[in-house]
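The values are calculated or read from the model by the stated rules, or taken from the named source; none is laboratory data. Nothing here was measured: the structure is a model prediction, and the numbers come from that model. Backbone-built Cβ (ideal geometry, glycine too); neighbour counts: all protein chains shown. In case anyone asks, the SASA skips ligands and DNA or RNA and just uses the protein heavy atoms, side chains included. Shrake-Rupley method; radii C 1.70, N 1.55, O 1.52, S 1.80 Å.
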Amino acid sequence: GMGVAGTFPPIAAGQPFTAAPGMIKDLSERGFYEDGKIAVGPVKQHIDIVRNGIPGTAMPAFKSQLSALDIAAVITYERNDFGNHTGEAVQPADVNDAAAGK
């Protein structure tokens, strides 16, 4: 969960991260970067990142590799471990709604 500087953002709460401006801009626009640290941003954006990746970075898209159930489980884990304690449980329906643009 600590990430790799400049390549893979950490998912551990409050860990510092620096990278190319394009990556930082994309993360910041999605609500996942604040004051040099990765933040737990909005669930919809988190689903979008896991489903569609981040173009131009090492973050791949998983929508063709993982089911909605698997994506929901991964996101729930990321949001509630590594020092992140949101208490949120993402459901497969949330992932399917995001895929449908809801």
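General observations
- Using C-alpha pairs under 8 Å with a sequence gap of at least 6, the mean separation divided by the residue count of the chain gives a relative contact order of 21 percent.
- Of (1) 13.7; (2) 16.3; (3) 15.8, the label for Kirkwood radius over Cα pairs in Å derived from the coordinates: (1)
- Packing rank of 58-68, 90-100, where each peptide gets the mean count of other beta carbons within 10 Å, highest leading: 90-100, 58-68
- Amide H contacts under 5 Å for residue 38, placed H, 5+ residues apart: 14, 15, 17
- Residues 46, 85, sorted by accessible area with the largest first, give 85, 46 [1.4 Å probe; ligands and nucleic acids excluded].
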